[in-house]
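Contents: one structure, followed by commentary.
The values are calculated or read from the model by the stated rules, or taken from the named source; none is laboratory data. Because the structure is a prediction, the values reported are computed rather than measured. Methodologically, a virtual Cβ is constructed for each residue, glycine included, from the backbone with ideal geometry; neighbour enumeration extends over all protein chains shown.
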Amino acid sequence: MLLLVRHGESEANAAGLLVGRIDSPLTELGRRQAVALGEALAAAVTTPCLLVTSPLRRVVETAEEVASALTDPDGDRPQVRVDDRFVELDYGDLDGVAPRDLAPGLWDSWRSEPGWRPPGGETLEEVGARVAAACEELAGEASRGNVIVVSHVSPIKAAVSWALGGGSELSWRLSLGVASITRITTGGPLGPVLASFNETDHLAGASR
């Protein structure tokens with residue numbers, strides 16, 4: 001099983017900003033969400049498993065809680081692998097900008113053109129290509145055991161698009177919460193299959 005996990009709430013998320021490569025840490029709520037996430041994953045998967053992470057701080061902090069929850073009584077922790085292909089979309093000059101401050105019409109252009117590039121940044125098509133390549137490489141391991149990928153909203157949406165055989169424009173029609181879990185099965189005769197999307201029930205106790 002390929003389990004795609006979004007990081008807990010970051011300081012930039014809480015401020016309502018577009019956040020791509022800015023290395024924003026988790027808030028206190030985000031840390032509680034990460035703990036709840038780890039507990040949910042520990043109840044759902046068996047170890048050993050592979051834990052793949054983006055290199056950014058908010059993901060690494062979330063992954064640390066997941067790894068701790070998955071550590072067995074003998075102290076054996078899951079194998080951890082950093083993969084830059086699961087880093088967030090590069091917003092370029094728009095990184096750290098509040099959506100309300102975007103130029104008029106920019107949002108509509110972005111939604112209507114999958115190849116639109118933020119100034120100095122990355123297109124959704126480019127995110128989709130790098131994430132699809134990473135998912136293809138992980139598919140074999142995920143068919144034999146659990147692979148947990150701790151990442152960001154855009155790469156997880158891209159992985160869902162990969163599983164569904166859709167284009168990058170699909171990401172605009174998906175809503176993904178912080179500290180959510182999405183599951184994709186691999187290795188079957190039909191290829192990757194979306195088994196669940198945006199699971200958040202485990203966060204009920206991690207309120208403000």
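For region 169-196, which residues satisfy the criterion of being without any contact (Cβ under 8 Å) to a residue 60 or more places away in the chain, more than 14 Å from residue 3 (Cβ to Cβ) and surrounded by fewer than 21 Cβ atoms within 10 Å (Cβ to Cβ)?
Within region 169-196, 169, 170, 173, 174, 175, 187, 188, 189, 190, 191 qualify.
Can we say residue 4 is surrounded by fewer than 23 Cβ atoms within 10 Å (Cβ to Cβ) and either part of a loop (DSSP other than H, G, I, E, B) or of a type in the set (A, V, I, L, M, F, W, C) (or both)?
no
Quick check on region 176-183. Is at least one of its residues at pLDDT below 95, among the hydroxyl-bearing types (Ser, Thr, Tyr) and closer than 23 Å to residue 56 by Cα?
no
For residue 110, all conditions in the list (1) out of contact with any Pro (no Cβ under 9 Å at 6 or more places or on another chain); (2) free of Cβ contacts under 8 Å to residues at least 24 places away in the same chain hold save one; what is the number of the exception?
Of the numbered conditions (1) out of contact with any Pro (no Cβ under 9 Å at 6 or more places or on another chain); (2) free of Cβ contacts under 8 Å to residues at least 24 places away in the same chain, the odd one out for residue 110 is (1).
State all residues of region 102-153 that are surrounded by 14 or more Cβ atoms within 10 Å (Cβ to Cβ), touching an Asp or Glu at 6+ places or on another chain (Cβ under 6 Å) and closer than 18 Å to residue 19 by Cβ; if no residue qualifies, say none.
121, 122, 152
Is there a residue being under 27 Å from residue 99 (Cβ atoms) and assigned to a helix (DSSP H, G or I) anywhere in region 42-57?
Yes: region 42-57 contains one or more residues that are under 27 Å from residue 99 (Cβ atoms) and assigned to a helix (DSSP H, G or I).
If I ask for residues that are hydroxyl-bearing (Ser, Thr, Tyr) and in a loop (DSSP other than H, G, I, E, B), which ones from region 62-82 would you list?
71, the sole residue that qualifies.
Return only the number of the condition from (1) surrounded by fewer than 23 Cβ atoms within 10 Å (Cβ to Cβ); (2) assigned to a helix (DSSP H, G or I); (3) in contact with a helix residue (DSSP H, G or I) (Cβ under 7 Å, 6 or more places away or on another chain); (4) modelled with pLDDT of 95 or more that residue 34 does not satisfy.
Status for residue 34: all satisfied but (1).
I want to confirm something. Restricting to region 152-168 and keeping residues that are polar (S, T, N, Q) and more than 16 Å from residue 7 (Cβ to Cβ), which single residue is modelled with the highest pLDDT?
Top of the filtered list is 161.
Which residues, taken from region 40-63, are modelled with pLDDT of 95 or more, surrounded by fewer than 17 Cβ atoms within 10 Å (Cβ to Cβ) and either over 15 Å from the mean Cα position of the chain (by Cα) or small (Gly, Ala, Ser) (or both)?
none
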